[in-house]
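**Student:** Input: one structure, supplied below.
Values quoted throughout were computed directly from the atomic coordinates according to the rules given, and no laboratory measurement underlies them. Here the structure is a predicted model, which means the values were calculated and not measured. All Cβ positions, even for glycine, are placed from backbone atoms using ideal geometry, and neighbour counts span all protein chains on display.
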Amino acid sequence: MGKRLFVGVDLDGLADEVVAVQERFAGASGLNFTDPEGAHVTLKFLGDTDPDRLDELTDELAAAVDDAGVDPFECEFDGLGVFPALDYISVVWVGTRSGGEELTRLHEAVEERTTAMGFDAEDHEFTPHVTIARMDHAGGKELVQETVRESDPDAGRLAVEEIRLKESVLGPDGPTYDTVERFPL
């Protein structure tokens, strides 16, 4: 059985800010909030991965950080968006005001190294974001649309000094995330 892995940046210390943004959607039927303690930016979802590949994967991720040439930077999280579109919402997210360029460079370097290893290539353009909720049904869609259109919340700032290889463990209360390896910038 493989491990369900992804590469990301954790929003350490910003759980309260994430909760404050989620509270703007209070009362929206059908919206399922993510755990604010696990808030992160996914740089690359790897999926089910054979544990025997971990050594090679960690070597390649360390090389990807070198390839990206990104020094530690500050990331500011703000603004709201949805995937795939406001007419049909499956995910609600907070975007970045600053730091998005560095996150994109890290994503591109990780993408190049991991697809060379045989992991699936991304099928859509990378948008640096933090998922704060998933829409299970459209009951509260109008409230969500209005909140996304009319508010521009600040979700804090973060000094990004590393990326992490994370394992997503699916449980009855949603996923929990364990850090497998850290890669300093």
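**Student:** Just to check I understand the Karplus step: with θ = phi - 60° and J = 6.51 cos²θ - 1.76 cosθ + 1.60, what whole-Hz values come out for the range 19-34, glycine and proline as x?
**Tutor:** Coupling constants for the range 19-34: 4, 4, 5, 4, 5, 5, 9, 4, x, 7, 4, x, 9, 10, 6, 7 Hz.
**Student:** I want to verify a result. In a Gaussian network model of the chain, Cα cutoff 10 Å, which of these has the top mean-square fluctuation: D173, D154, D67?
**Tutor:** D173
**Student:** Here's something else I'd like to know. Select from E125, E142, E76 the residue whose mean-square fluctuation is largest in a Gaussian network model of the chain (Cα-Cα springs shorter than 10 Å).
**Tutor:** Maximum among the listed residues: E125.
**Student:** Using Cα-Cα distances under 8 Å and only pairs 6 or more residues apart, what relative contact order does the chain have, in percent? Could you put the intermediate results ahead of the total?
**Tutor:** Values: 364 pairs, mean separation 63.7, N = 185.
For the chain, the relative contact order is 34 percent.
**Student:** Follow-up. Could you derive backbone 3J(HN,Hα) for the range 74-86 from the dihedral phi with the Karplus parameters 6.51, -1.76 and 1.60 (θ = phi - 60°), listing whole Hz in sequence and x where the residue is Gly or Pro?
**Tutor:** With the stated coefficients, the range 74-86 comes to 9, 10, 10, 9, 6, x, 10, x, 9, 10, x, 7, 4 Hz.
**Student:** Here's something else I'd like to know. Work out the length of the dipole vector of the chain about its Cα centre, built from +1 on the beta-carbon of each Lys and Arg and -1 on the beta-carbon of each Asp and Glu, and round it to the nearest 20 debye. Working shown, then result.
**Tutor:** Details: 15 positive and 42 negative charges, 108 e Å.
With only Lys, Arg, Asp and Glu charged at Cβ, the dipole is about 520 debye.
**Student:** Another question, then. Using 0.36 nm per residue of separation minus the Cα-Cα distance, give me the extension gain between E146 and R105 in nm, one decimal.
**Tutor:** On the way: separation 41, 0.36 × 41 = 14.76 nm, distance 3.23 nm.
Net length gain for the segment: 11.5 nm.
**Student:** Using θ = phi - 60° and the Karplus curve 6.51 cos²θ - 1.76 cosθ + 1.60, what whole-Hz ³J(HN,Hα) does each residue of the range 134-151 get, with Gly and Pro shown as x?
**Tutor:** So the J values, rounded to whole Hz, are 10, 9, 7, 8, 8, x, x, 4, 5, 5, 5, 4, 4, 5, 5, 5, 9, 10.
**Student:** Considering the options S98, P175, C75, tell which one lies farthest towards the positive end of the dipole of the range 3-184, charges being +1 on Lys and Arg and -1 on Asp and Glu at the Cβ, about the Cα centre.
**Tutor:** Among S98, P175, C75, the one farthest towards the positive end of the dipole of the range 3-184 is P175.
**Student:** Here's a follow-up. Using modelled backbone amide H atoms (1.01 Å from N, in-plane), which distant-in-sequence or interchain residues come within less than 5 Å of V91's amide H?
**Tutor:** F83, M135
**Student:** Between V91 and D178, what is the spin-label point distance in nm, taking each point 7 Å from the Cα along the Cα→C-beta axis?
**Tutor:** Those two pseudo-labels are separated by 2.4 nm.
**Student:** May I ask you to work out the translational diffusion coefficient for the chain at 37 °C, viscosity 0.692 mPa s, via Stokes-Einstein with Rh from the Kirkwood sum over Cα pairs, reported in whole µm²/s?
**Tutor:** Taking Rh from Cα pairs, D becomes 193 µm²/s.
**Student:** Moving on. Cut-off under 19 Å on the C-alpha distance; same-chain residues fewer than 8 positions from K44 excluded. Which lysines are left, in chain and number order?
**Tutor:** K3, K166
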